[in-house]
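Below: the structure, in structure tokens.
Since every read-out is calculated from the coordinates, none of them should be taken as a lab result. Here the structure is a predicted model, which is why all the values come from computation and not from measurement. Don't worry about glycine lacking a Cβ; one is built from the backbone with ideal geometry, like all the others, and counts go over all protein chains shown.
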């Protein structure tokens, strides 16, 4: 049986082991509050009383360079997220779109797409275009790469891509059964090493609940980030949205397990910003997920619900909100280019 107070003391004193952290993830709900309070106090001590709100708007669109096509047909996605992106399949069309975006005071763009069978997003043929656009504009380029080879990493660097959003998953069962991907875990390490070799800014993403809505090996993904990236400036946490059409049975992750994962990241990375990304459960549970995440120590949130903002204001009238028209994965050094007027966010929230 877990002694919650002893566990809390070990985490608080900085001597906790990975076994301790695993015990924390298995902690009963009735013992959770002091741990969330600790995560919150660490966050406020290192980042102040600030919450950053991100709303990409048309100034920071997401683009799929494969249209709605993906070779993997992952169970949790099945191409539905690609359909919500701007679909641009040709280099010349991408160049024209990005140059027009810049002229219209656009801030940046997420370049993504479906995966090939090896788990890579086929960016290579678009990187000369991105390099040209980067020379001519101030657009922030966030590339979602998937697993990658050295040629792609080298050209991403030469193209001056600002951010690489990289999904970290150390769960073999999820990789095989949900991603339909036939690769070894070492491929993730190899990809990170290549991104580091070419001095690319990596923002790791951790998805909670990909194992059919349950916690499974999220701690292994967090450990991997600690071992390979040491102390990244930002980690984005997302969570499974159960697919409506799948051969497998998924359930909605409990807001508590999302909060536990965030708190664990806060304990291990006290000086790292944590963002709650746009992929997370919707509907009646949305505000609960967001409020739990705020209690667990996030510093950023993308497109929060009105109820969450009202709750925050009620809990803490002295909170300093900062608003950005951008993807929540942008490093702090780019935020000055993405600041949004309060009037814009107030119109969005109808506050």
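Rounded to the nearest 10 degrees, the angle from helix 218-229 to the longest Cα principal axis of the chain is 60 degrees.
With springs only between Cα atoms under 10 Å apart, run a GNM on the chain and tell me which of 40, 315, 87 wobbles the most. Maximum fluctuation in the GNM of the chain, among the listed residues, is at 315.
Beta-bridge orientation, the chain: approximately 10 percent antiparallel, per DSSP, counting only bridges with both partners inside.
First obtain the Kirkwood hydrodynamic radius of the stretch 1-129 from its Cα pairs, then insert it into the Stokes-Einstein equation at 25 °C and 0.890 mPa s, and state the resulting D in µm² per second as a whole number. Value of D from the Cα-based Kirkwood radius: 130 µm²/s.
When DSSP assigns beta bridges and you keep just the ones with both residues in the stretch 58-200, what percent turn out antiparallel, to the nearest 5? Please list the in-between numbers first.
Details: 1 of 13 bridges.
Approximately 10 percent, going by the DSSP bridge assignments.
If you take the alpha carbon radius of gyration of the stretch 119-193 and divide it by 2.2 N^0.38 Å, what ratio comes out, to two decimals? Could you put the intermediate results ahead of the total?
Values: Rg = 13.8 Å, N = 75, 2.2 N^0.38 = 11.3 Å.
Rounded to two decimals, the normalised Rg is 1.22.
Take 311, 18 and order them by how many other Cβ atoms sit within 10 Å, fewest up front.
Values: 311 16, 18 13.
Listed from fewest to most nearby Cβ atoms, that is 18, 311.
Normalised radius of gyration (Cα atoms, divided by 2.2 N^0.38 Å) for the stretch 173-233: 1.19.
Shape summary of the chain, radius of gyration then Dmax from alpha carbon positions: 19.7, 62 Å.
Inverting the pair-averaged 1/r between distinct Cα atoms of the stretch 58-200 gives 15.5 Å as its Kirkwood hydrodynamic radius. Ellipsoid semi-axes for the stretch 2-48, based on the Cα gyration tensor and the rule √(5λ), read 19, 13, 8 Å when sorted largest first.
So for the stretch 198-317, what percent of the C-alpha to C-alpha distances run longer than 25 Å? It works out to 24 percent of all Cα pairs.
Model label sites at residue 138 and residue 6, defined 7 Å from Cα along the beta-carbon direction, differ in position by 5.7 nm. Pick from 239, 16, 326 the residue whose mean-square fluctuation is largest in a GNM of the chain, springs joining Cα atoms under 10 Å. Looking only at 239, 16, 326, the biggest GNM fluctuation is shown by 16. Among 236, 133, sorting on how many other beta-carbon atoms sit within 10 Å of each Cβ, with the fewest leading, yields 133, 236. Among 180, 245, 216, the largest mean-square fluctuation in a Gaussian network model of the chain (Cα springs under 10 Å) belongs to 245. With axes computed from alpha carbons, what is the tilt in degrees of helix 91-103 against the longest principal axis of the chain, rounded to the nearest 10 within 0 to 90? The two axes meet at around 70 degrees.
Seen from all directions on average, the stretch 275-325 presents a Cα convex hull projection of 3.6 nm².
Going by alpha carbons, how many degrees (0 to 90, nearest 10) lie between the helix axis of 4-13 and the longest principal axis of the chain? The two axes meet at around 60 degrees.
Exposure proxy check: 267, 321 ranked by fewest other beta carbons within 10 Å? List each step's numbers first, then the result.
On the way: 267 21, 321 13.
Least to most surrounded, the residues fall as 321, 267.
For the stretch 197-351, the share of DSSP beta bridges that are antiparallel, to the nearest 5, is 15%.
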